[in-house]
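The values are calculated or read from the model by the stated rules, or taken from the named source; none is laboratory data. Everything numeric in this text was worked out from a predicted model, so none of it was measured. Heads up, the Cβs are rebuilt from the backbone with ideal geometry, glycines too, and the neighbour counts pull from every protein chain shown.
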Amino acid sequence: MSQSWTKRQNALFESALAVFEKDTADRWQNVARAVGDGKSAEDVKRHYEELEKDVEDMESAGGRQGSDNSVSGASSSNSNSWGSANEDRRGRNLNLQ
């Protein structure tokens, strides 16, 4: 598994997801290139899947703050760097529609 993600890497990741949408050819390679710092296409795809699961868990828990489900699938340093104010934006950036 890849190392923890910094706030900077998460910001780059979010921006890259907005640029390289689901139907973009070589999406994960492009996102990895945008994030840099040695993140591979597999790393960014796994990160996306973990965050997607977090969003699903939050939605199924009714968006309750502080529930055990809010950080599942991600390291604690990952989830804490997102902050509750970014949950809605995170869901939009993950293109969960």
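Restricting attention to the stretch 33-71, and to residues there that are of a type in the set (Ser, Thr, Tyr) and modelled with pLDDT of 95 or more, which single residue is surrounded by the most Cβ atoms within 10 Å (Cβ to Cβ)?
So the residue we want is TYR48.
ASP23: part of a loop (DSSP other than H, G, I, E, B), under 15 Å from ALA11 (Cα atoms) and of a type in the set (Asp, Glu), yes or no?
no
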